[in-house]
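A short write-up of the structure that comes next.
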């Protein structure tokens, strides 16, 4: 085969790539949760810090790398006096960055992940028919960048077979960037990195190379502890510090799996197929990556899943497709039945499941119909009417009216909101936003839940201590409970005190080692 024939053969997947990108445009949207990050981006690029409420160092975004990428893009376009995105630049820039990252992911898979064009076709069909993958190829959240970094990690490993330290450094750097984008993605990479470490002839040097590769993640964690006072975002405290039993969380996680199997069976079908197939027939690296998938799937059960249907399954899906299709299915007797099965499993739910029926979706009058009994929501369909890209091309998506300027001389105004995203963003920089789910509040995340028996996954209502709103409004500690008041005094030193004060570093240590924990 000459070069021309080779490239013509490699272009066979082009219509399927176009289909994927066309579907992405048709379904593109931005979630309410993305606006939590938008508020921090506005504060950051306007010089108030990477924070949610001005004057209080709290990290509410779970994706530092995605946050920094968006901040850079929005800062850059803000220098353009007559930028075409106008006051809705964060919304449209988010869509553009998501589409670019998603398109690049498909190209990486097409040219470097799939050995043959027919395998690229099969993979592109899987990605396009997976509701979860398609929904979170946009959404405003970090998934598209996570997908790209996972794809780059796998493609580099599969195309660079030489076992040297340069390869180990690049792979560890890509894993570190993915972990900086979302910390729990580290579970996917740990077994593979451990395998590469064990396979190294000079393990001490390999350990040094791994440490150098993980420098981006290490630097972010060091900054996080220094600036915010904690290694993990405040949202992790609010969602994991609930007092809910492991058994109850695992049951909720089981419902998350069942929801995905019902609405979007192709996603888990491909993941489980990859796990079984590569455990039986796979080299040591592939088995290590399968171990990473299993760790991640167990983690999903451990945390109770999520309220966003299918969102957590997209990282293991992209790993699974890479592992299944490299080297892929060489024989027509296997390939074509596999392609047919993927198409059938991917398309049938549209006709068999009411929640996937386009007529049902178009005629829903109560958006709560998109939320099932266990609090798991078809988030894209829930928000698409207000946040869909095509819906907003001739309109104005949720935005802040006016210039993002903080008036330090004004009295502090505290507003309570239900969902934190759009509501908190629209209130602007001069309002201290307090949400009952404690996502943006450093104290409430340490408080017990209002009701440990009745809660929705990802929406844990924490107690607001008596006198706390008055404390936020006046700046004086008016919390009625003496133990909580003492705890807040220590916490306030960390999140509001002088960054370089010695006392602050002492309290960072004390808070992170549990010295002042409030008993539930």
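Among the residues making up segment 408-419, those that are at pLDDT 90 or above and either surrounded by 15 or more Cβ atoms within 10 Å (Cβ to Cβ) or not in a strand (DSSP E or B) (or both) are 414, 417.
Per-residue answers, yes or no, for (1) farther than 27 Å from residue 356 by Cα; (2) assigned to a loop (DSSP other than H, G, I, E, B); (3) more than 20 Å from the chain's Cα centre (by Cα); (4) assigned by TED's automatic domain parsing to the domain that holds residue 497:
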{"site": "239", "(1), (2), (3), (4)": "yes, no, no, no"}
{"site": "242", "(1), (2), (3), (4)": "yes, yes, yes, no"}
{"site": "253", "(1), (2), (3), (4)": "no, no, no, no"}
{"site": "268", "(1), (2), (3), (4)": "no, no, no, no"}
{"site": "271", "(1), (2), (3), (4)": "no, no, no, no"}
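Taking segment 1-93 as the region of interest, the helices (runs of 4 or more DSSP H) fully inside it that hold 1 or more residues being at pLDDT 95 or above are 14-27, 34-45, 64-78. Pick from segment 373-394 the residues that are modelled with pLDDT of 85 or more and assigned to a loop (DSSP other than H, G, I, E, B): which of them is farthest from residue 47 (Cα to Cα)? So the residue we want is 374. Looking at this structure, is residue 51 more than 21 Å from residue 391 (Cα to Cα) and crowded, with 18+ Cβ neighbours inside 10 Å? When the stated conditions are applied, residue 51 passes them. Taking segment 111-123 as the range and being part of a helix (DSSP H, G or I), buried (at least 23 other Cβ atoms within 10 Å of the Cβ) and in contact with a helix residue (DSSP H, G or I) (Cβ under 7 Å, 6 or more places away or on another chain) as the test, the residues that pass are 113, 120, 122, 123.
Name the helices (runs of 4 or more DSSP H) wholly inside segment 440-520 in which the number of residues that are over 29 Å from residue 408 (Cα atoms) is 2 or more.
Result: 482-496, 502-512.
All of 479, 493, 469 fail the test of being surrounded by 15 or more Cβ atoms within 10 Å (Cβ to Cβ) and in contact (Cβ under 8 Å) with a residue 24 or more places away in the chain, apart from 469.
Among the residues here, residue 344 does not qualify as assigned to a helix (DSSP H, G or I), modelled with pLDDT under 95 and surrounded by fewer than 16 Cβ atoms within 10 Å (Cβ to Cβ). Yes or no: residue 41 without any contact (Cβ under 8 Å) to a residue 12 or more places away in the chain and surrounded by 18 or more Cβ atoms within 10 Å (Cβ to Cβ)? Spelling it out, it is not the case that residue 41 is without any contact (Cβ under 8 Å) to a residue 12 or more places away in the chain and surrounded by 18 or more Cβ atoms within 10 Å (Cβ to Cβ). Within segment 375-399, being surrounded by fewer than 19 Cβ atoms within 10 Å (Cβ to Cβ) and more than 26 Å from residue 263 (Cα to Cα) holds for 393, 394, 395, 396, 399.
The rows are residues; the columns are (1) modelled with pLDDT of 90 or more; (2) assigned to a helix (DSSP H, G or I); (3) not assigned by TED's automatic domain parsing to the domain that holds residue 28.
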position	(1), (2), (3)
396	no, no, yes
400	no, no, yes
404	yes, no, yes
422	yes, yes, yes
432	yes, no, yes
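The values are calculated or read from the model by the stated rules, or taken from the named source; none is laboratory data. Everything numeric here is computed off the predicted structure, so don't read it as measured data. Virtual Cβ from ideal backbone geometry, glycine too; neighbours counted across all protein chains shown.
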